[in-house]
Amino acid sequence: MVPRYSRPAMTAIWAPENRFRIWFEIEAHATDALADLGVVPQSAAEALWRWWATDPAIDVAAIDAIEAVTKHDVIAFLTWVADQVGEEARFMHQGMTSSDVLDTCLAVQLTQAADLLIADLDALLVVLSARAHEHKLTPTIGRSHGIHAEPVTFGLKLAQAYAEFDRNRARLIAARADVATCAISGAVGTFANIDPAVEAHVAARLGLTVEPVSTQVIPRDRHAMFFATLGVIASSIERLAIEVRHLQRTEVLEAEEYFSPGQKGSSAMPHKRNPVLTENLTGLARMVRGYVTPALENVALWHERDISHSSVERYIGPDATITLDFALARLTGVMDKLLVYPARMQKNMDRMGGLIHSQRILLALTQAGVSREDSYRLVQRNAMKVWESDGALSLLDLLKADPEVTAALTPDEIEAKFDLAYHLKHVDTIFARVFPH
């Protein structure tokens, strides 16, 4: 976790204090259920909650000091709690194994993180919707391979981003549900020394579902899907960030990041206004995706359990969620304040002498009886003259002067095919699909 790319609410989820509090709740809820079953005295559960009601400070340093001797984090925690609670604490952890605590805690932390990320996506979707509607009919050039293709609107670009992040939201909700499972099944997951009712009780109290077969750990395919979903969201962030970066290039300059008063773009060149935020987002997306492969590799554990996954998750749990949380918030800010230049968009569309209307002429010639091969040849030979003139020549003028073209189409028919509005006639239909309400 890098403080520069962190926000407090997400960071707090992975703080030792939160982890230990979740551990205590797991142990205390389990002790409640064991007491109801008559396995441990009711007074043991009451003692735990009575101490907890004092809102005790979690002494992380003391727990760490115990772990330095025991070399076992859960035992260190239980030892520290016993020191605080007293004799009744001996009934904690009856029939449980460390993975019951660790895996269930991780499920709680991941669901907490998912809730923040879903809220991040909601905030981004609000901004994308507003900006998309603002520029619903702002014409701009669509590009394929980075080359001018045909007109679109800037609103359509943003509507596409909205639809993509809306899908990501649905994916994350599904991934949250998949990872929100509880395992209190004891050694090798057979419930030999603890009743399944304890697991059901703890799961209900923590807002989780029970893991059907936990062996001794919750199967890591669940976690792999969760982190893979974060990787997909990161890729969507990068896709939109790259769009902004390309549009901000000097020779394009159709949109750019907000440049605040007093901001400086270069230590050497005072004129620079660089897309630093979206470049940063590209880098952060690479990091989040980098955590996906280790999560996938964690799926293949030995037999009923091993701990090869543990060290991986201590890294990727905090880092992936904290980084993605920061990236989503940064992207929301970029898109909210994005400077958009419709006049430059129109200028860029016009700079290639009408080449963007070539398909309409091609289709008109075929409908007028010219073969597709000849139609393509006629339009392309005139288009290449415009291309090679860097837009100094006009495709419309060249077509009107081409006798093979005018043999099939009148000048008025040719000119009618250069109507920009024609390309935008279904924008409402697309918006209704993306924003049905």
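Solvent-accessible surface (1.4 Å probe) assigned to Met92 amounts to roughly 20 Å². Subtracting the Cα-Cα distance of Tyr376 and Ala149 from their residue separation scaled by 0.36 nm leaves 80.2 nm. Taking every alpha carbon pair in the range 1-151, what does the distance histogram look like in 5 angstrom bins from 0, in percent? Distribution as computed: 2, 8, 13, 14, 14, 10, 7, 6, 5, 4, 4, 4, 4, 3, 1, 0 percent. Here's the picture: charge each Lys and Arg Cβ at +1 and each Asp and Glu Cβ at -1 in the chain, and of Thr153, Leu399, Trp14 the one pushed furthest to the positive end of that dipole is Leu399.
3J(HN,Hα) couplings calculated from phi for the range 65-71 with the Karplus curve 6.51 cos²θ - 1.76 cosθ + 1.60 (θ = phi - 60°) are, in sequence order, 5, 5, 4, 4, 8, 6, 6 Hz; Gly and Pro show x. With the alpha-carbon atoms of the range 189-299 aligned to their principal axes, the span from lowest to highest coordinate is 72, 28, 25 Å, starting with the largest. Largest mean-square fluctuation among His426, His246, His145, in a Gaussian network model of the chain whose springs join Cα atoms under 10 Å apart, belongs to His145.
For the chain, a Gaussian network of Cα nodes joined below 10 Å ranks Pro270, Pro139, Pro411 by mean-square fluctuation, and the top entry is Pro270. Residue by residue, the range 313-327 carries 3J(HN,Hα) couplings of 5, 5, 7, 6, x, x, 5, 5, 6, 5, 5, 5, 4, 4, 5 Hz when phi is fed to the Karplus relation 6.51 cos²θ - 1.76 cosθ + 1.60 (θ = phi - 60°); x denotes Gly or Pro. Across the options Ala408, Val244, Val39, the greatest Cα extent toward the positive end of the charge dipole of the chain (unit charges at beta carbon of Lys, Arg, Asp, Glu) belongs to Ala408.
Counting only lysines at least 8 places from Lys347 when in the same chain, those with an alpha carbon closer than 27 Å to its own are Lys136, Lys157, Lys272, Lys337, Lys385, Lys400, Lys417, Lys425. For the range 282-381, chymotrypsin sites (Phe, Trp or Tyr not before Pro) meeting the loop criterion (DSSP other than H, G, I, E, B) and having at most 10 other Cβ atoms within 10 Å: Trp302.
Working from label points 7 Å from Cα in the Cα-to-Cβ sense, the Phe259 to Leu420 distance is 2.5 nm. Derived scalar couplings between HN and Hα for the range 410-421 equal 6, x, 5, 5, 5, 5, 4, 7, 9, 8, 4, 4 Hz in order, rounded to whole Hz, by the Karplus curve 6.51 cos²θ - 1.76 cosθ + 1.60 (θ = phi - 60°), x for Gly and Pro.
For the range 119-194 versus the range 377-437, the inter-centroid distance based on Cα atoms is 35 Å.
Among His357, His93, His72, the residue with the largest mean-square fluctuation in a Gaussian network model of the chain, with springs joining Cα atoms closer than 10 Å, is His72.
Residues whose amide H comes within less than 5 Å of that of Arg143, counting only those at least five positions distant or on another chain, are Ala149 (H built at 1.01 Å from N in the peptide plane).
Along the axis of the charge dipole computed for the range 249-329 (Cβ charges of +1 for Lys and Arg, -1 for Asp and Glu, origin at the Cα centre), the listed residues Ile322, Gly265, Tyr291 are led at the positive end by Gly265.
Semi-axes of the equivalent ellipsoid for the range 380-430, please: Cα gyration tensor eigenvalues, times 5, square-rooted, ordered largest first, whole Å. Don't skip to the end; give the middle numbers.
Values: eigenvalues 116, 51, 13 Å².
Equivalent ellipsoid semi-axes, largest first: 24, 16, 8 Å.
R0 = 60 Å: FRET efficiency of Ala432 with Ala197, Cβ-based, nearest 0.05? Given R0 = 60 Å and the Cβ-Cβ separation, E is 0.75.
Percentage of Cα-Cα pair distances in the chain greater than 30 Å, rounded to whole percent?
Details: 55402 of 95266 pairs.
When all Cα pairs of the chain are counted, 58 percent exceed 30 Å.
The values are calculated or read from the model by the stated rules, or taken from the named source; none is laboratory data. Treat the numbers as computed from the prediction; the structure is a model and nothing was measured. Virtual Cβ from ideal backbone geometry, glycine too; neighbours counted across all protein chains shown. Just the protein is used for accessible areas: all its heavy atoms, side chains included, with ligands, DNA and RNA removed. Shrake-Rupley method; radii C 1.70, N 1.55, O 1.52, S 1.80 Å.
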